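S.K.: Following this message is one structure expressed as structure tokens.
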Amino acid sequence: LARQRLLIKGGKVVNDDHSVLADVYVEDGKVQQVGPNLNPQPLTGLVVLDATDKLVIPGGIDTHTHMQFPFMGTRSKDDFYTGTKAAIAGGTTMIIDFAIPQKGCSLVEAFDTWKSWADPKVCCDYALHVAVTWWSNKVKEEMKILVQNKGVNSFKMFMAYKDVYMVNDEELYAAFSCCKELGAIAQVHAENGELIAQGAKKMLAMGITGPEGHELCRPEEVEAEATQRAITIANAVNCPLYVVHVMSKSAARVISHARREGKVVYGEPIAASLGTDGTNYWNKDWAHAAAYVMGPPLRPDPSTPGFLMNLLANDDLSVTGTDNCTFDICQKALGKDNFTKIPNGVNGVEDRMSVIWEKGVHSGKMDENRFVAVTSTNAAKIFNLYPQKGRIAVGSDADIVIWDPKATRMISAKTHHQANDFNIFEGMICHGVPVVTVSRGKVVYEGGAFSVTAGEGKYVSRPPFPPYVYKRVRQREQVCQPVPVKRAPYTDAVSRTAATPK
């Protein structure tokens, strides 16, 4: 890997803050030079890639995946090999997956388990968020071990999945306080789990057993309420908050309003919420409708994707993932008679970059620099990977994509590289196609052909206290502390009458 020397010639290098016509020279897995008319010596052994009329962008970072995830009585179809291979085909060169312990189980053991699954299989770099599904002093100690010894700087709390992963407000407060102390990012799956549980019972009692019941029992106000509650609790302890998979206008508005009030909160819409909608739950074909079931659900308001894309373009929302968690139709059929048993999850890791280019850039909502920010750079900054990742600059990792903004492709389950038999973006024509993907300085995908080996990707440690996030938090800690009012002590009479019970 380290010996491949690459020269990417004639393209436009696009970072989040500017674009420039320049060549890029790569050696030992790192960017060595960026500039016009580069002529690295010796020429022998130099691989030259022609990027004329194309963009040269940082590889995508998918902030939210669930590869080979044991969930709802089955396991997601994409493992760390097929999932990262598909990511590479779509222009993504790093994923951040989730290690999720059962209630009462060790966070460190969960981390070690997920890492043991990933290390022999990954085709690109990866990191791991860790979920906090219960609270105790042991959990607090393990969070410290994960931050200080394992390169973890983000923890996810579920406000949904009652009796499985859900934590209550007191546990949220404790977990957020611990994140703040350790310099980590607190993440939330924001839905009111109690209301969902009650809503599901109500739907089933009414005879609604199909996929539409999934959305009807968790309407968007359930997502918005939990988002508001999480922001309030995080703000109370001055902890930065990251809201995963923002699916609705209501939740997005809550995040936007909080950011404009100066709160340190980041929203993550996903490829699914930006590229399709929840009208599919009412499709007459059960298998089609079930294929779109995920939590939180896609919203039946067809204007939602455009609304979320506008907020993403304007920095009300910050970053994009996929929540890639694929289940085939046979697995979805576990819930054929009861929507609460349909495994939650959709695809996205391969199509995210193209969907966002199509719906964001090609539609005129954002420019090429904002595209790089929301698909790569902002994630790198929030999770303290920058400028190692998320930028094309001297010294940065050579995770690079040659992107053809004029080329088109049609998304289809027949041609995608994911392990699933259904694609929620089936038939979508996307302008903007990755033609070459470079991971760690090696060409791993070119013109539809792969050159990957399982285990070639590496686990990337993420230090705590990312400056992009924690500079503001620290400043507030210094200047926004409440102070007591200085006043003379009260010296007059104090009532001595004992309260008599009624």
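S.K.: With (1) in a loop (DSSP other than H, G, I, E, B); (2) out of contact with any Phe, Trp or Tyr (no Cβ under 7 Å at 6 or more places or on another chain); (3) surrounded by 17 or more Cβ atoms within 10 Å (Cβ to Cβ); (4) touching a residue at least 60 places away in the same chain (Cβ under 8 Å) as the list, and VAL319 as the residue in question, which single condition is left unmet?
M.R.: (2)
S.K.: Let me ask something else about it. How many residues are within 19 Å of GLY432 (Cβ to Cβ) and not aliphatic (A, V, I, L, M) when one looks only at the range 11-58?
M.R.: 10
S.K.: Could I ask something else about it? Mind checking which residues of the range 164-188 are over 20 Å from GLN102 (Cβ atoms), crowded, with 24+ Cβ neighbours inside 10 Å and not small (Gly, Ala, Ser)?
M.R.: Within the range 164-188, PHE176, CYS179, ILE185 qualify.
S.K.: All but one of (1) under 24 Å from GLN331 (Cα atoms); (2) in a helix (DSSP H, G or I) hold for PRO297; state the number of the condition that does not hold.
M.R.: (2)
S.K.: Tell me which residues, restricted to the range 193-230, are more than 26 Å from TRP286 (Cα to Cα) and open to solvent by less than 10 Å² (accessible area, probe 1.4 Å).
M.R.: Once the filter is applied, which keeps residues that are more than 26 Å from TRP286 (Cα to Cα) and open to solvent by less than 10 Å² (accessible area, probe 1.4 Å), the range 193-230 yields ALA226, THR227, ALA230.
S.K.: Among the residues of the range 52-70, write down those that are in contact (Cβ under 8 Å) with a residue 24 or more places away in the chain and either within 30 Å of ALA22 (Cα to Cα) or open to solvent by 20 Å² or more (accessible area, probe 1.4 Å) (or both). Let's see the steps before the verdict.
M.R.: Here is the first cut: in the range 52-70, the ones in contact (Cβ under 8 Å) with a residue 24 or more places away in the chain are 52-69.
The answer is THR52, ASP53, LYS54, LEU55, VAL56, ILE57, PRO58, GLY59, GLY60, ILE61, ASP62, THR63.
Rundown of residues vs (1) of a type outside the set (Lys, Arg); (2) modelled with pLDDT of 95 or more; (3) assigned to a loop (DSSP other than H, G, I, E, B); (4) over 22 Å from VAL355 (Cα atoms), yes/no style:
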{"residue": "HIS64", "(1), (2), (3), (4)": "yes, yes, no, no"}
{"residue": "MET67", "(1), (2), (3), (4)": "yes, yes, yes, no"}
{"residue": "ASP78", "(1), (2), (3), (4)": "yes, yes, yes, no"}
{"residue": "TYR81", "(1), (2), (3), (4)": "yes, yes, no, yes"}
{"residue": "THR84", "(1), (2), (3), (4)": "yes, yes, no, no"}
{"residue": "THR93", "(1), (2), (3), (4)": "yes, yes, no, no"}
{"residue": "PHE98", "(1), (2), (3), (4)": "yes, yes, no, yes"}
{"residue": "PRO101", "(1), (2), (3), (4)": "yes, yes, yes, yes"}
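S.K.: Next question. Applying the selection to the range 137-189, what residues are assigned to a strand (DSSP E or B) and either polar (S, T, N, Q) or out of contact with any helix residue (DSSP H, G or I) (no Cβ under 7 Å at 6 or more places or on another chain) (or both)?
M.R.: At the first step, the residues of the range 137-189 found to be assigned to a strand (DSSP E or B) are 154-158, 166, 185-189.
Scanning the range 137-189 gives SER154, LYS156, PHE158, GLN187, HIS189.
S.K.: Return the pairs, sorted by first residue and then second, in which the second residue is at pLDDT 95 or above and charged (D, E, K, R), the first residue lies in the range 274-289 and is under 12 Å from GLY210 (Cα atoms), the beta carbons are less than 8 Å apart, and the residues are 6+ apart or on different chains.
M.R.: From residues that are under 12 Å from GLY210 (Cα atoms), the pairs are TYR281/GLU212; TYR281/GLU215; TRP282/GLU212; TRP286/LYS336; ALA287/LYS332; ALA289/GLU212.
S.K.: In addition: Confirm whether THR340 is out of contact with any Ser or Thr (no Cβ under 6 Å at 6 or more places or on another chain), crowded, with 20+ Cβ neighbours inside 10 Å, in a helix (DSSP H, G or I) and not aliphatic (A, V, I, L, M).
M.R.: Details: out of contact with any Ser or Thr (no Cβ under 6 Å at 6 or more places or on another chain): yes; crowded, with 20+ Cβ neighbours inside 10 Å: no; in a helix (DSSP H, G or I): yes; not aliphatic (A, V, I, L, M): yes.
Considered against the rule, which asks whether it is out of contact with any Ser or Thr (no Cβ under 6 Å at 6 or more places or on another chain), crowded, with 20+ Cβ neighbours inside 10 Å, in a helix (DSSP H, G or I) and not aliphatic (A, V, I, L, M), THR340 comes out as no.
S.K.: Next question, about the same structure. Out of the residues in the range 240-265 that are of a type outside the set (Lys, Arg) and open to solvent by 10 Å² or more (accessible area, probe 1.4 Å), state the one that is nearest to GLN187 (Cα to Cα). Step through it out loud before you land on a result.
M.R.: Step one: list which residues in the range 240-265 are of a type outside the set (Lys, Arg), which gives 240-248, 250-252, 254-258, 261-262, 264-265.
Add one more test, that the residue is open to solvent by 10 Å² or more (accessible area, probe 1.4 Å), and what stays is 250, 254, 256-257, 261-262, 264.
Numbers: SER250: 18, VAL254: 16, SER256: 17, HIS257: 18, GLU261: 20, GLY262: 18, VAL264: 12 Å.
Result: VAL264.
S.K.: Looking only at the range 11-25, filter to residues that are open to solvent by 60 Å² or more (accessible area, probe 1.4 Å) and in contact (Cβ under 8 Å) with a residue 40 or more places away in the chain; which one of those is nearest to VAL56 (Cα to Cα)?
M.R.: Restricting to residues being open to solvent by 60 Å² or more (accessible area, probe 1.4 Å) and in contact (Cβ under 8 Å) with a residue 40 or more places away in the chain, the top hit is LYS12.
S.K.: When both residues are 6+ apart or on different chains and their Cβ atoms are under 8 Å apart, which pairs have a first residue that lies in the range 182-206 and is without any contact (Cβ under 8 Å) to a residue 24 or more places away in the chain, and a second that is aliphatic (A, V, I, L, M) and part of a helix (DSSP H, G or I)?
M.R.: Close Cβ pairs satisfying both conditions: GLY199/LEU216; GLY199/VAL222.
S.K.: Also, I was wondering about something else. Which residue out of ASN314, ASN310 is free of Cβ contacts under 8 Å to residues at least 40 places away in the same chain and within 20 Å of VAL372 (Cβ to Cβ)?
M.R.: Details: ASN310 fails: free of Cβ contacts under 8 Å to residues at least 40 places away in the same chain.
Checking each option against the conditions leaves just ASN314.
S.K.: Here's a follow-up. Could you please find all residues in the range 113-136 being assigned to a loop (DSSP other than H, G, I, E, B), of a type outside the set (Gly, Ala, Ser) and either in contact with a Pro (Cβ under 9 Å, 6 or more places away or on another chain) or open to solvent by 10 Å² or more (accessible area, probe 1.4 Å) (or both)?
M.R.: We begin by selecting, within the range 113-136, every residue assigned to a loop (DSSP other than H, G, I, E, B); these are 119-124, 133-136.
Among the residues that remain, those that are also of a type outside the set (Gly, Ala, Ser) are: 119-124, 133-135.
Within the range 113-136, ASP119, PRO120, LYS121, THR133, TRP134, TRP135 meet the criteria.
S.K.: Is it true that TYR161 is open to solvent by 10 Å² or more (accessible area, probe 1.4 Å), of a type in the set (Ser, Thr, Tyr), over 28 Å from TYR386 (Cβ atoms) and at pLDDT 95 or above?
M.R.: Judged against the criteria, TYR161 is a match.
S.K.: Of the residues in the range 248-274, how many are touching a helix residue (DSSP H, G or I) at 6+ places or on another chain (Cβ under 8 Å) and either over 16 Å from LYS156 (Cβ atoms) or part of a helix (DSSP H, G or I) (or both)?
M.R.: Residues that pass the stated criteria total 16.
S.K.: Any residue at all in the range 44-51 that is open to solvent by less than 80 Å² (accessible area, probe 1.4 Å), outside any strand (DSSP E or B) and at pLDDT below 95? Spell out how you get there, then give the answer.
M.R.: In the first step, residues of the range 44-51 are kept if they are open to solvent by less than 80 Å² (accessible area, probe 1.4 Å); the result is 45-47, 49, 51.
Right, trim to outside any strand (DSSP E or B) and you get 45, 51.
Imposing the further condition that a residue be at pLDDT below 95 reduces the set to 45.
Scanning the range 44-51 turns up at least one residue that is open to solvent by less than 80 Å² (accessible area, probe 1.4 Å), outside any strand (DSSP E or B) and at pLDDT below 95.
S.K.: Check the range 476-492 and report whether any residue there is touching a residue at least 24 places away in the same chain (Cβ under 8 Å), closer than 24 Å to LEU385 by Cβ, assigned to a loop (DSSP other than H, G, I, E, B) and open to solvent by less than 100 Å² (accessible area, probe 1.4 Å).
M.R.: So far as the range 476-492 goes, no, none of its residues is touching a residue at least 24 places away in the same chain (Cβ under 8 Å), closer than 24 Å to LEU385 by Cβ, assigned to a loop (DSSP other than H, G, I, E, B) and open to solvent by less than 100 Å² (accessible area, probe 1.4 Å).
The values are calculated or read from the model by the stated rules, or taken from the named source; none is laboratory data. None of the values given here were measured: they were computed from a predicted structure. In this analysis, Cβ positions are derived from the backbone assuming ideal geometry, glycine residues included, and neighbour counts consider all displayed protein chains. Calculation scope for accessible area: heavy atoms of the full protein, side chains included, ligands and nucleic acids excluded. Shrake-Rupley method; radii C 1.70, N 1.55, O 1.52, S 1.80 Å.
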